[in-house]
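What follows is a set of notes on a single structure, which appears directly below.
Nothing in this text is a laboratory measurement; each read-out follows from the coordinates by a stated rule. Treat the numbers as computed from the prediction; the structure is a model and nothing was measured. A quick note on method: Cβ atoms are made from the backbone with ideal geometry, for glycine too, and the neighbour counts reach across all protein chains shown.
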Amino acid sequence: MLQIKKNNIQGLPGYEIKIMEKKVSIQDLLDELNLFFEEGSLERLWPEGQQSCYGCDLCCHEPLPLTSIDVRNICQAQGINLTDAYKYLWVEAKENVIDITLRRTRAGRCIFLQPDSTCSIYKNRPFLCQTYICCHTTPQIEELRSQVVNMGMDELIRASILAFSSAGQALPLNRSHNARVNIKDWGKNKFTGKNNYSNILLKDVLSSDLFKHMLL
Ligand code: SF4
Ligand code: SF4
């Protein structure tokens, strides 16, 4: 379904992805990537000498944008509902632009990062965590990650506005500047009504140009 292989990216060690079938789901991509990363033969950029991600937390300190499926997975793992999940989330709004990321501690560590530098939700970690490894990638892989998360976050915002509204509340904003939160700005998309990444095809999420470019 997918071909993931090591390649030189502008002369530096990295990897590339080719899509071999049109019916590839986001979960197919995650499964293949996880296998590829676990194999561990990629030369890392950072940190030196690290043989695997286990016990390394260097990429768990940045704001981490989320999709509706990411949050659904966290809810299932924790046995909570969508509005309760907001104790783990951070919402920033500027005018009608909204960003939802994983909450971080004052020290900037992801809220799910444990003292031993392992992830407490590893099997359910978000899409961006599963698709990142510290080595070079193609611009197409970066664009793929961005397009998946952009659409998935739009659905997360839509579903969250509705869930809080049903409870008679507004979407909680942790930081805001002239915020305008209006459900009419958040239409349904290919993430709407989907329970997991197996039910969402890459071709339905990626722009047709990007999908064609990555199709072998
Ligand atoms: S991908 Fe992140 S966690 Fe894994 S070795 Fe690189 S910096 Fe560490
Ligand atoms: S969810 Fe896990 S892997 Fe992702 S940033 Fe947090 S601790 Fe790191």
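Structural remarks
- Angle between the chain longest axis and helix 26-39 axis [Cα atoms, degrees, rounded to 10]: 50 degrees
- Dividing the helix sum by the residues of the chain, where each DSSP H run of 4 or more adds -39500 (n - 2.57), gives a mean residue ellipticity at 222 nm of -9500 deg cm²/dmol.
- Bridgeable lysines around residue 212 (alpha carbons under 20 Å apart, same-chain partners fewer than 8 residues away excluded): 5, 18, 22, 23, 190, 203.
- Alpha-carbon geometry of segment 2-214: the Rg and the Dmax are 17.7, 56 Å, given in that order.
- Acute angle (nearest 10 degrees) that the helix 139-166 long axis makes with the longest principal axis of the chain, alpha-carbon atoms: 20 degrees
- Against the chain, whose longest principal axis comes from its Cα atoms, helix 68-78 is set at around 80 degrees.
- Share, in percent, of DSSP beta bridges within segment 2-214 that are antiparallel, nearest 5: 80 percent
- Ordering 124-133, 3-12 by mean Cβ neighbour count within 10 Å, with the highest value first, yields 124-133, 3-12.
- Stretchable slack from residue 123 to residue 166, in nm (0.36 nm times residue separation minus alpha-carbon distance): 12.4 nm
- Among 166, 25, 68, the order by Cβ neighbours within 10 angstrom, fewest to most, reads 166, 25, 68.
- Here is the size of segment 37-123 from its Cα atoms: Rg then Dmax, 15.0, 45 Å.
- Per DSSP, loop trypsin sites (Lys or Arg not before Pro) in segment 65-141 with at most 13 further Cβ within 10 Å: 106
- Here the chain is scanned for GluC sites (Glu not before Pro) in DSSP loops (not H, G, I, E, B) that have at most 13 other Cβ atoms within 10 Å, and the longest stretch holding none of them is 96-216.
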